[in-house]
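Have a look at the structure below, then the notes.
Throughout, read-outs are computed from the coordinates displayed, never taken from laboratory work. In this text, all values refer to a predicted model and were calculated from it rather than measured experimentally. Backbone-built Cβ (ideal geometry, glycine too); neighbour counts: all protein chains shown.
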Amino acid sequence: MSGAPPVVMRLVASAYSVSEKAGAIVRKVLHSGELGIVEKTGANDLQTLADRLAQQSICASLSKHFPKITIIGEEDLTSEEVREDLIDSGQAEEIFQKTCPAEFTDVKEEELVVWVDPLDGTKEYTEASKLLHLCTQPQVPLKRPDTAQLHTAALWLLDNVTVLIGIAHRGRAIAGVINQPFYNHQLGAGAVLGRTLWGVLGLGAFGFELKEVPGDRRIVTTTRSHSNKVVVACVDAMEPHEVVRVGGAGNKIIQLIEGKASAYVFASPGCKKWDTCGPEAILQAVGGKLTDIHGNSYCYDADVKHMNSAGVLATLRNHEYYTSRVPPSVLQALM
Ligand code: AMP
Ligand code: MG
Ligand code: MG
């Protein structure tokens, strides 16, 4: 083959590279201790300096190199000039080792839509920061848990944090990148933190080891910070053997593809297109499925509404079992 790789592969290679830069921003802001928290719709819907800088970095970098692509980011930011040091021009070479699926070789730049969640799991990120700050405070006896416990809890929360970039074509999520900035923290000081998972429909997904939940155990993963009665009723209706409550949409898809959960069930309208586009593409690239709670697909065209109003149901296998278990009252609540 001669000439430049198809635009889909070049875009994935750039998204991979800038997601690593965004991950580094997320780590740097945490370590500065100055999170600059802003409440968006309320105390359970937060934005930090890391969300703002990471989005500026991703959106400005991708639009510089792909000016005809529509890019939609989660955060509402003023259109001020983006600092030069936030612009990334890298392209991950490993993407070019693979062949673009025939179906996407002729896709044009202007036909692509990119959905960006610069920091998924902001709630957990801010909670982790508070715990890490507490660790630095004097331990008056019985006033707080010991430092080692606080530190472990903070690291657990940071595992929930991801950077999400989804690529859509004709309404379909066709490729995605997930950067997990704090991956490998358990290796201790000196470890290189972070990893990047990516996938393209028809090509597969990379950067992790695909595993399934053994046997036919039903392990349901759901929100830890945005629950309500309907969310709980729907999880219970799956008759799970175990429920895994973790933060972040990206992190919950990682639970599915790494064999830690068999279904992601969220019967609530809180998730948005930038939460699901990238993760959905990666999940689908390994044979999984993400739909609303009724079993219908979401559309990722540029003009769709941002809210995933009918909830999220994602699985690696046996999607029909889970959709068939959703109670009528839940279906009605999420029309
Ligand atoms: P969670 O599973 O609660 O971590 O949520 C996954 C994604 O959906 C995160 O980006 C959340 O910010 C978002 N989300 C879910 N529910 C809500 C809600 N009620 N309000 C705002 N954002 C939400
Ligand atoms: Mg999110
Ligand atoms: Mg976010």
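Quick notes on this structure:
- Residues that are farther than 17 Å from K252 by Cβ and either in contact with a helix residue (DSSP H, G or I) (Cβ under 9 Å, 6 or more places away or on another chain) or part of a loop (DSSP other than H, G, I, E, B) (or both), drawn from the range 312-325: R325
- Test: A263 is surrounded by fewer than 16 Cβ atoms within 10 Å (Cβ to Cβ), touching a Ser or Thr at 6+ places or on another chain (Cβ under 8 Å) and not basic (K, R): no
- Condition met for K289 (of a type in the set (K, R), within 16 Å of ligand 3 (Cβ to nearest atom) and either closer than 25 Å to L197 by Cβ or in contact (Cβ under 8 Å) with a residue 40 or more places away in the chain (or both)): no
- Members of the range 13-33 that are in contact (Cβ under 8 Å) with a residue 24 or more places away in the chain, surrounded by fewer than 24 Cβ atoms within 10 Å (Cβ to Cβ) and among the small types (G, A, S): A13, S17, A24, G33
- Qualifying residues in the range 144-169 (those that are of a type in the set (S, T, N, Q) and within 16 Å of ligand 1 (Cβ to nearest atom)) - the one nearest to V107 (Cα to Cα): T162
- Any hit, the range 129-144, residues being out of contact with any His (no Cβ under 9 Å at 6 or more places or on another chain), within 30 Å of K68 (Cα to Cα) and outside any strand (DSSP E or B): no
- Cβ pairs under 6 Å, 6+ apart, first in the range 241-267 and on the phi > 0 side of the Ramachandran plot, second within 16 Å of ligand 2 (Cβ to nearest atom) and not hydrophobic (A, V, I, L, M, F, W, C): G248/D120; G248/G121; G248/N160; G248/T162
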